[in-house]
Each structure stands twice: as C-alpha cells, then as structure tokens.
1. Taking θ as phi - 60°, what are the ³J(HN,Hα) couplings along region 119-125 by the Karplus curve (6.51, -1.76, 1.60), each to the nearest whole Hz, with x for Gly and Pro?
2. Describe numerically, in nm with one decimal, the distance between label points set 7 Å from Cα along Cα→Cβ at residue 182 and at residue 207.
3. State the dimensionless ratio Rg/Rh of region 188-227 (Rg: radius of gyration of Cα atoms; Rh: Kirkwood radius).
4. Treating only the Cβ of Lys, Arg, Asp and Glu as charged (+1, +1, -1, -1), what charge dipole size does region 209-301 show about its Cα centre? Round to the nearest 20 debye.
5. Give the separation of the Cα centroids, region 182-203 to region 223-298, in Å.
6. Could you check the spin-label model distance between residue 233 and residue 298? Points 7 Å from the Cα along Cα→Cβ, value in nm.
7. Highest first, please rank the peptides 263-270, 297-304 by the mean number of other Cβ atoms sitting within 10 Å of their residues.
8. Determine by what factor the alpha-carbon radius of gyration of region 187-298 differs from 2.2 N^0.38 Å, reporting the quotient.
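Please treat every number below as a calculation from the coordinates, not as lab data. Small disclaimer: the values here were computed from a predicted structure and weren't measured. A quick note on method: Cβ atoms are made from the backbone with ideal geometry, for glycine too, and the neighbour counts reach across all protein chains shown.
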Amino acid sequence: MKNVFAWTGWAVAAAAIGVASMLWVRGGDKAEPTESVAPCRHKQEYDLAAAQKALEDARADLAALQREHAALLGNQENAQEQLALAEADKHAEETAAPEQPDEDAAETEEEDLGKRVLRGQMSAMTDLAYGALFEDLALPDETRQVVSEWMIDAATQTRAAVVNAFQNGNTPAKDVKAAEDKALDQLRENLKTVLTAEELEAWEAYEQDKDLHLYWNILEGQLSMLAPGLTQENRGVAKQVLAEELVAHIDALENSDEVYSLGNFNRAQSEAMQVSLERLAGTLDQEQYAQVEGFVVTADEALAAMGE
C-alpha cells in the first residue's frame, strides 16, 4: 500500500494544504498592525516582499517537481506498454522476458517527490510566519540558516500529519494537535542548543502569536487584490479581524473531538470569515464593508470548489 506521500493520494491533500490553509497567497505591501491589537504584534515591520519572493521560488520549485513527476509517470507508462507488447508476442517464449517495472522503486520516487513538494511549501510558510522574528533577533547568517531549517522541519512534520488526516478521513483533530505539539517540543529542544536565553525567550513569546503573523501577511496580499477599494487603514482592520477569527476557529477544531478532514477544516475557515463580517459590520461603512464581503464570498466559493 502506498504511504501518505505517494503522489496519487497525496496530491489532493497537498493542494489542500497549499490552498485551504492559505486561501490564495498573493503579493502585497508591508503594513503595520492597528494600535488596538499591538500587544500581539511585533513593532518592527516585516519585509513582506522577501517572503513573497520566497513563495515565488517555492512555486518554481513545485513546477520543476511536477515536471519531474510527469517524466516519472511517462517512464512507467512506457515500461508497461513494452511489457504488454512482449506478452502479446507469439515468440515471447523464445526471447528474454522484458524486465518488470520496479513498482517499489517508483513508489519510493513518488514518496521523495511528495516530501520535497511539501517541504517547499513549508519553507514559504515559515518565511511568512517567522520573518518578523528573524528581523528582530538579527541572528548571524549561519545560525539563522540552521534555525530556519529546524523551523521548516517542524512545519513539515505538522503538515504531514494534516495530509495523513485528510487522506484517512477519520483522524481525530486532537491527534493532529498532538503531532503539532510534538514537533514544537523538538523545535524548542533544538533551539536551546544555539539561541541565548534572551533569544529563546523572544521566540517563546513570538510563538504564541505565530499564526497571527502568518495570516496577517497572507491576508495583506489577498485583500489588496480581491478588495482593492479598501483604504489602507480599513485593510489593516479587516486583516486583523480575519486573522484573529481564522486562528481561533482552526484552534477550536484542533482541540475538539471532531475528525480533522478537509471538509471540517474548510468549514472552520468559512465560519471564521462569517464571524469576521459580523464584527466588521459595526466598524466599516457600507461601501468598505462591501469590499470585505466580496472577498469573503470569493474565498467561500474557492473553499466550496475544493470540497467538490
């Protein structure tokens, strides 16, 4: 049986990680959080352009990996065709039998391909989630590289658990949360070997709001493109409300007894956006509210399409 990273079943789940967990990651301008939510944000601006560049690099890597996968499938199909012709040959017994395709080797290649694609996605996500922390810590390049790889390791382990849950269809959400906690514990132990006590304390504090930083940066580009009529101030307000609700609803799912399925994951996001609209209704005027409402409608349509 093919494991979780085999391409056929993995591709759908990986797409869900790349799209559902990020909606659509697009370019955007860097911005500061509103003062009302300053306690959960870092003061220093994060260079979002660098993160978006990392995303573009990851997309290019993904395209290359997909081409590699297509070539792999082509080789397999060619081998199968040759085998069929040999079996149909009346003189097959007089000639050497063609070599059977090595299914185990092909599966291993697919597994490696899936892992590389997932890690590429998590590299981009890590840049978005931890970019501000790296700016604040100003670590030496060598240390930063090591720390970044550990963070990508942790994110990849967590997302692998999510992929597995999406494929199984009956994994309790708490099991996914346990895998996330285990990866975080390992990251913490690794960081203790290279960070000072002060740097480690800064990471611990930042980690509490890491997902807010991630969604904040993702939503900047999304709202800029899909709700272009928002003023800069109102875009900041909308981003913060949406980020808070997305984090809260996904956390609630992960700490529940529900199954961690793609459907439940998308439902949590959809509910988060609806609650966000309710919160924003009393804050934005009619025209500005309509901009955010249009964004939510588009996002809901994309999530619904993924579930079909």
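1. After applying 6.51 cos²θ - 1.76 cosθ + 1.60, I find 5, x, 4, 5, 5, 5, 5 Hz.
2. Distance between the two pseudo-spin positions: 1.7 nm.
3. Details: Rg = 14.8 Å, Rh = 11.9 Å.
Taking Rg over the Kirkwood Rh, I get 1.24.
4. Its charge dipole is roughly 240 debye.
5. When both Cα centres are located, 32 Å separates them.
6. The answer from the label model is 2.4 nm.
7. Descending mean neighbour count gives 263-270, 297-304.
8. On the way: Rg = 16.9 Å, N = 112, 2.2 N^0.38 = 13.2 Å.
Working it through for region 187-298, the quotient is 1.28.
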